[in-house]
1. Might you let me know whether region 235-253 holds any residue that is among the aromatic types (Phe, Trp, Tyr) and modelled with pLDDT of 90 or more?
2. Going through Leu91, Leu99 one at a time, which residue ends up being in a loop (DSSP other than H, G, I, E, B), at pLDDT 90 or above and open to solvent by 10 Å² or more (accessible area, probe 1.4 Å)?
3. With the condition kept exactly as written, say whether any residue in region 68-84 is surrounded by fewer than 22 Cβ atoms within 10 Å (Cβ to Cβ) and modelled with pLDDT of 90 or more.
4. Quick one: Pro41 ticks every box in (1) within 28 Å of Met171 (Cα to Cα); (2) touching a Lys or Arg at 6+ places or on another chain (Cβ under 7 Å); (3) part of a helix (DSSP H, G or I); (4) not aromatic (Phe, Trp, Tyr) bar one, so which box is it?
5. How many of the residues making up region 135-159 are aliphatic (A, V, I, L, M) and open to solvent by 10 Å² or more (accessible area, probe 1.4 Å)?
6. Would you check which residues across region 105-144 are touching a residue at least 40 places away in the same chain (Cβ under 8 Å), polar (S, T, N, Q) and either within 19 Å of Ile31 (Cβ to Cβ) or not in a helix (DSSP H, G or I) (or both) and list them?
7. Filter region 42-61 for residues that are over 18 Å from the mean Cα position of the chain (by Cα) and open to solvent by less than 50 Å² (accessible area, probe 1.4 Å) and give the result.
8. Conditions: (1) more than 13 Å from the chain's Cα centre (by Cα); (2) open to solvent by 10 Å² or more (accessible area, probe 1.4 Å). Leu104 meets all but one. Number of the miss?
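The values are calculated or read from the model by the stated rules, or taken from the named source; none is laboratory data. Please read these numbers as outputs of a predicted model, since none were measured by experiment. Here the Cβ is made from the backbone with ideal geometry for all residues, glycine too, and neighbour counts use every protein chain on show. Remember, those area values only see protein heavy atoms, side chains included, never the ligands or the DNA or RNA. Shrake-Rupley method; radii C 1.70, N 1.55, O 1.52, S 1.80 Å.
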Amino acid sequence: MDTSKYLLLFFLTTLLLLPTSTTASPNITAIFAFGDSILDPGNNNRLSTIFRSDHPPYGIDFPGRIPSGRFSDGKLATDFLVSQLGIKELLPAYLDPALTDRDLLTGASFASAGTGLDDLTASEANVLTLNAQLRNFMQALQRMRSIAGQQEVDRVVENALFMVAAGTNDMLYNFYGLPLRRTYSLSGYQDLLLQNLENVIRTLHSTGARRVAVVGLPPIGCMPVSVTLGSLMPSFHMLQRVCVDQQNSDSQVYNAKLKALTSRLQATLPGSRVVYVDVYTPIMDMVISPAAFGLEKTTEGCCGLGSVEMGPLCNALAPKCPDPSKYLSGMLLIPHNQLTCFLPTNSDKNFFPPSSFKSLIRLCFDNSVGYTYRGMFS
């Protein structure tokens, strides 16, 4: 069964328990996305980088079975969101030459697979830094103003949903992998990332953004590449495919700091709704109880041996699993098509306008969903 609906139920049920706003709020006008591969629908297709997925087997479940540049077997979370909210069918890549100025008025993704909150991460991969993504957004604002005018663009931006997802590549490659940032302590490097993230959010706010969702770190120690590398390290679990507990603990520490940051920014940025999106908890629940979500493989990917294959290593010659829906990670480093469900919970009871919230409810509550997250009502 599609685990995205389970996760959506988890977050939306929590939202249902919160008081509703008595102040009317306009519908979400657009979605603008920034970050790494989980939000990149193909910007890297235009870059000279190995972090590209515009080739088979990516896209085997995408409309037309086209490898569009999404690091997934199908659609991304942002595609599901814009469709369910009635904005448009797919969220396009900003660097797609087919993207028109009018398309921008309903949103685009500026994300670049392989990037991070640390510019060093992006430079190693030859992809777009977060600052480069912000510059592209500034350019997009000019394009929109040229056809719609300042007032209309201000309205669109003020009522848009901004999503930011980055940080995993920084920890995975710069801190755990190639120790290029080991001059920092773990806490010091996390603080560096969060300071850079704060700068991104403040810049977005200065352009008129008022509704920002920031995605936390997943349990990095349970990602296929981490499990593989961990199994090669001398330890009690050597040669066993188990999660790396220390890396998961590090993710939790980072997420606690991130949650505090989003709360502080919401309190200090005028008119803002800045929320932390918890992806750690539902993913760990799937790792612990895979059968409850219809999953069979939680520490292996769907491509090749399922150990480290991604990007160029996941190609037409690599063997593929017969059913990606049985794999937690699919063809992504984190669950395929599942960020759709990682929606803000009790960080801000008024994050979604009522009409938009009802649209997301419909995505969740159908005949295939009957799971209630453990502890929800305790």
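1. Within region 235-253, not a single residue is among the aromatic types (Phe, Trp, Tyr) and modelled with pLDDT of 90 or more.
2. Sole residue among the options that is in a loop (DSSP other than H, G, I, E, B), at pLDDT 90 or above and open to solvent by 10 Å² or more (accessible area, probe 1.4 Å): Leu99.
3. Within region 68-84, not a single residue is surrounded by fewer than 22 Cβ atoms within 10 Å (Cβ to Cβ) and modelled with pLDDT of 90 or more.
4. Just one mismatch for Pro41, condition (3).
5. Counting residues in region 135-159 that are aliphatic (A, V, I, L, M) and open to solvent by 10 Å² or more (accessible area, probe 1.4 Å) gives 3.
6. Thr106, Ser109, Ser112, Thr115, Asn126, Gln133, Asn136
7. Asn45, Leu47, Thr49, His55, Pro57, Ile60
8. It is condition (2) that Leu104 fails.
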